[in-house]
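The values are calculated or read from the model by the stated rules, or taken from the named source; none is laboratory data. Keep in mind that this is a model prediction, so the values were computed, not measured. FYI the Cβ positions are ideal-geometry reconstructions off the backbone, even for glycines, and counts take in every protein chain you see. Side chains are part of the model used for accessible areas, which takes the heavy atoms of the whole protein and leaves out ligands, DNA and RNA. Shrake-Rupley method; radii C 1.70, N 1.55, O 1.52, S 1.80 Å.
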Amino acid sequence: MKPEITRIETIEFSYPIENLNFDENGFNLVYDEGSSVDRTLYGIQIQTDVGITGEYVGGNSPAMAQINTFADYLIGKNPLHRERHWSEIKRSLRKYDRMGIGPIDIALWDFAGKYHDAPIHELLGTYRERIPAYASTYHGDENGGLDSPEAFADFAEECLEMGFPGFKIHGWGGSDESRDIDREVETVLAVGERVGDEMDLMCDPACEYETFADALKVGRACDEAGYFWYEDPFRDAGISQNAHRKLAETLDTPILQTEHVRGLEPHTDFLANDATDFLRADPEYDAGITGAMKIARVAEGFGTDVEFHAPGPAQRHCIAATRNANYYELALVHPDAPNTQPPVYEGEYSDMIDTIDNDGTVSVPIGPGLGVEYDWDYIQANQTGSVHIYE
């Protein structure tokens, strides 16, 4: 009997995260003792006529809007025909960024694992079952948390003592006055001096720097301190191959790009045009596990590495099946604020800062599919938007 999709349901919910607030522009999450922010996510269930449901929790409102345009196509289809569905939906979203594919594709992979009684990484082809993790910080703040070069260096040392083999800086955002390139340079150098001989270090300004000159200044500090990679430095070039090729030609530190370009072909073009040294992939952003693994294989074909963005069970399965990946991004971490992980995982799954073992690694879920159980009672109790049903 071939399985068929009978119903797709999405539900919007939110949950609070303590000791966080937004910076003055309202974009970056930063430490703010006593404050709290609400984060919105979506629960997705793909039900079938064989009694197995593919599930995923994540996504954002633009992705859900895209799902609304193609969900009816999936009703009555075989959920195991992921490659066919991926191709058809990719074409249907050709006018958009295609982020709606990711949550659905991940849920289809969850179904496949449950259907075959195997974790997703086994279906992909397991390479490893534990993954080295790096500590990836919240953005710098002005509130007594990560508010100085010394604070970042102190926290890097704490992470080293916890067992992390790598540490990534997200610097300051906000207004023109608070974006101080000298402070960014001092932070890169301070962290390098404190722990650079014992940890791989990364710098990710998240496209905050306003000029190529500022990107060069911080990049040269990365060169001096021997950083492992330099990621998304400035505003003109989050998606520009030419700009990052120029930057790569000027600096010694490897460039990591493509978090902000969507799709297999633009990722391939970045490598083909020498515009990045590492590729970035994300199963939620890059058209699901199907799309992210295509990007990983492109990187392998070019003889370089792919680094997966953000934490999550889907990312763990992808990295477990990828030889040419170095690290799991345990994000976002802070000495006095929790990760953004939603409180929807039943069991032991965690992306909090203390989840690594003594060797600085995280485990890959071993249960069928994603290998996690979601607390649907919590999701439904914290519903903040409409339930969308397709059948």
Can you pull out every residue in segment 216-243 that is more than 14 Å from residue 205 (Cβ to Cβ) and in contact (Cβ under 8 Å) with a residue 60 or more places away in the chain?
228
When segment 1-31 is examined, which residues are found to be open to solvent by less than 40 Å² (accessible area, probe 1.4 Å), acidic (Asp, Glu) and under 21 Å from residue 343 (Cα atoms)?
9
Looking at segment 345-371, which of its residues are buried (at least 19 other Cβ atoms within 10 Å of the Cβ), over 18 Å from the mean Cα position of the chain (by Cα) and farther than 18 Å from residue 136 by Cβ?
368, 369, 371
Just give me the residues in segment 116-130 being surrounded by fewer than 24 Cβ atoms within 10 Å (Cβ to Cβ) and either of a type in the set (A, V, I, L, M) or within 22 Å of residue 20 (Cβ to Cβ) (or both), in sequence order.
118, 123, 124
Can you name the condition, by its number, that residue 284 falls short on among (1) open to solvent by less than 20 Å² (accessible area, probe 1.4 Å); (2) touching a strand residue (DSSP E or B) at 6+ places or on another chain (Cβ under 9 Å)?
(1)
Matching residues, segment 125-147, being more than 13 Å from residue 335 (Cβ to Cβ) and in a loop (DSSP other than H, G, I, E, B):
125, 126, 127, 128, 129, 142
Run down 323, 316 and say which single residue is among the basic types (Lys, Arg) and surrounded by fewer than 21 Cβ atoms within 10 Å (Cβ to Cβ).
323
Could you check segment 135-165 and list, in sequence order, the residues that are out of contact with any Pro (no Cβ under 7 Å at 6 or more places or on another chain) and among the aromatic types (Phe, Trp, Tyr)?
138, 152, 164
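Mind telling me which of the residues 258, 304, 276 ends up being over 18 Å from residue 319 (Cα atoms), without any contact (Cβ under 8 Å) to a residue 40 or more places away in the chain and in contact with a strand residue (DSSP E or B) (Cβ under 9 Å, 6 or more places away or on another chain)?
Exactly one of 258, 304, 276 is over 18 Å from residue 319 (Cα atoms), without any contact (Cβ under 8 Å) to a residue 40 or more places away in the chain and in contact with a strand residue (DSSP E or B) (Cβ under 9 Å, 6 or more places away or on another chain), namely 276.
Got a sec? Which strands (runs of 3 or more DSSP E) wholly within segment 279-383 have at least 3 residues that are out of contact with any Leu (no Cβ under 8 Å at 6 or more places or on another chain)?
Working: elements: 306-308, 328-333, 361-363.
Once the strands (runs of 3 or more DSSP E) in segment 279-383 are filtered for at least 3 residues that are out of contact with any Leu (no Cβ under 8 Å at 6 or more places or on another chain), what remains is 328-333.
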Test each condition in (1) exposed (fewer than 15 other Cβ atoms within 10 Å of the Cβ); (2) within 19 Å of residue 6 (Cα to Cα) for residue 95 and report the one that comes out false.
(2)
Reported set for segment 354-391 where residues are modelled with pLDDT of 95 or more and small (Gly, Ala, Ser) is 360, 363, 367, 369, 371, 381
